[in-house]
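**Student:** One structure follows; several queries about it will come next.
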Amino acid sequence: MTAALPRQAPPPDRPRRPAEDPRHKARRRALTLLIIVLLIGVPAGYLVISANQSRNSGKDKEEKYSATGLTPGWPSKVQRRLYQVTVPHPADDIASYETNNWKTSRLYVQFRTNPAGLDSFLQTMGARRDQLRKNEIAVGERDRKVSGWTFTGPGPWWGLTHAQKNPAPTQDVVVNLSEPERPMVFVVSRTVP
């Protein structure tokens, strides 16, 4: 059995602390509780929000990459830069689809624009409108099957192939000028990784 040690008396030169009043005690406990909630609650809330965003991002990517054909909307900036496909402004009826394998990567893009937009698109690609050839369907049979494009509607149909040395992409372009003020453009840009 151990004996209890006697308490040491405070030094005589220090005044004794007054007893804490109940309001001060409640305020101190509330402040302590607030600090604990902030130290635990804020990081926990951040983790919950972050986990939901990450899960939603995964679902979006899964939906995007499980697509098996043209998907309405702009191709990403990275895709446009990598495949050198600049969609002009204004443009509508935009759709795109990307395929990748060990041999060749392709980006399929379609959009409707105006004559100035068509000229701008061809210029950024390094081509001119007078290089388009009437009744030339530059998009091959394989690419038509993958994209679902059928170039059988009212024309005239114009096309060109803008070949570049690897690793720069080669673009096959088909333009439907049945509405000259609203040309519809179909592009397949392919690159060899």
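The values are calculated or read from the model by the stated rules, or taken from the named source; none is laboratory data. What you see is a predicted model, and the numbers here were worked out from it, not measured in a lab. Ideal geometry is used to build each Cβ from the backbone, glycine not excepted, and the neighbour counts take in all protein chains shown. The area values use the complete protein model at the heavy-atom level, side chains included, leaving out ligands, DNA and RNA. Shrake-Rupley method; radii C 1.70, N 1.55, O 1.52, S 1.80 Å.
**Student:** Leaving out ligands, DNA and RNA, what percent of the accessible area of the chain is carbon and sulfur, probe 1.4 Å?
**Tutor:** 57
**Student:** With an 8 Å Cα cut-off and a minimum separation of 6 or more residues, compute the relative contact order for region 133-183 in percent.
**Tutor:** Once normalised by length, the contact order is 37 percent.
**Student:** Could I ask something else about it? Could you derive backbone 3J(HN,Hα) for region 73-85 from the dihedral phi with the Karplus parameters 6.51, -1.76 and 1.60 (θ = phi - 60°), listing whole Hz in sequence and x where the residue is Gly or Pro?
**Tutor:** Each residue's phi maps through the Karplus curve to give x, 6, x, 5, 4, 5, 4, 4, 6, 5, 8, 6, 10 Hz.
**Student:** Over region 83-152, with the other protein chains present, what is the accessible area per residue in square angstrom, probe 1.4 angstrom?
**Tutor:** About 54 Å² of surface per residue is accessible.
**Student:** Which of rounded, prolate or oblate describes region 98-181 when judged by the alpha-carbon gyration tensor and an a/c cut-off of 1.5?
**Tutor:** Oblate, because a/c is 1.5 or more while a/b does not exceed b/c.
**Student:** Mind pulling the angle between the C-alpha long axis of helix 115-125 and the longest principal axis of the chain? Nearest 10 degrees, somewhere in 0 to 90.
**Tutor:** Between helix and principal axis, roughly 80 degrees.
**Student:** With n ≥ 4 as the cut-off for DSSP H runs, can you work out [θ] at 222 nm for the chain, using -39500 (n - 2.57) per run divided by the number of residues, rounded to the nearest 500?
**Tutor:** Rounded to the nearest 500, it is -12000 deg cm²/dmol.
**Student:** Any chance you could run the full-extension gain for residue 150 through residue 35? It's 0.36 nm times the residue separation minus the Cα-Cα distance, nm to one decimal.
**Tutor:** Working: separation 115, 0.36 × 115 = 41.40 nm, distance 6.59 nm.
Gain on stretching residue 150 to residue 35: 34.8 nm.
**Student:** Also, I was wondering about something else. Using a simple spin-label model with points 7 Å from Cα along the Cα→Cβ vector, what separation in nm is obtained for residue 192 and residue 127?
**Tutor:** Going by the 7 Å Cα→Cβ label model, 2.0 nm.
**Student:** Using only Cα atoms, figure out Rg for the chain and give it as a multiple of 2.2 N^0.38 Å.
**Tutor:** Ratio of Cα Rg to 2.2 N^0.38 Å: 2.08.
**Student:** Given contacts defined as C-alpha pairs under 8 Å and at least six residues apart, what's the relative contact order of the chain, whole-number percent?
**Tutor:** Relative contact order for the chain comes out at 18 percent.
**Student:** I would also like to ask the following. How would 92, 130, 172 rank on accessible area, largest to smallest, probe 1.4 Å?
**Tutor:** Largest accessible area first, the residues go 130, 92, 172.
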